[in-house]
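Here the structure is laid out as structure tokens; the discussion comes afterwards.
The values are calculated or read from the model by the stated rules, or taken from the named source; none is laboratory data. Since the model is a prediction, treat every value here as computed from it, not as a measurement. A quick note on method: Cβ atoms are made from the backbone with ideal geometry, for glycine too, and the neighbour counts reach across all protein chains shown.
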Amino acid sequence: MSKAKKIGIIFIILGGFIPCILYPFTKPTTQATLMQFLLSEKGASVNIRLNELEIVLKGGTIDYEGPFDTTTLKTLVLTEKLKYKGRIAIPYKYVMALGVVLVFTGAGVIALLSNKGLKE
């Protein structure tokens with residue numbers, strides 16, 4: 001097996017492995033969580049989409065001064081003015097995009113470079 005083919009296979013395995021390993025660490029965004037809560041009160045179910053998942057690396061506190069109750073939280077989330085202080089999160093759609101890029105890069109390396117003479 002040529003060196004290029006080995007590198008391509010490693011890229012393809014990483015492209016499938018990274019999103020699968022990081023999926024259990026995803027959480028719905030604040031808006032998706034509130035939507036689940038609001039619709040579950042009415043008896044409806046919500047399917048969370050890929051763009052509503054994120055991986056929270058460091059939790060933060062809500063940056064809001066003033067009276068804080070459920071109505072205020074609903075208003076802040078729905079108007080997209082809810083801000084966190086010290087929070088670091090990666091949207092899961094970017095992790096999936098990285099996986100797709102790695103798979104296609106690996107396939108390209110196998111297809112294009114395996115016949116170019118990169119032998120062991």
> If you scan the stretch 5-62, which residues turn out to be of a type in the set (K, R), closer than 20 Å to R87 by Cβ and exposed (fewer than 15 other Cβ atoms within 10 Å of the Cβ)?
Replying inline: K58
>> If I filter the stretch 66-73 for residues that are at pLDDT below 75, over 23 Å from the mean Cα position of the chain (by Cα), in a helix (DSSP H, G or I) and surrounded by 11 or more Cβ atoms within 10 Å (Cβ to Cβ), do I get at least one hit?
In response: yes
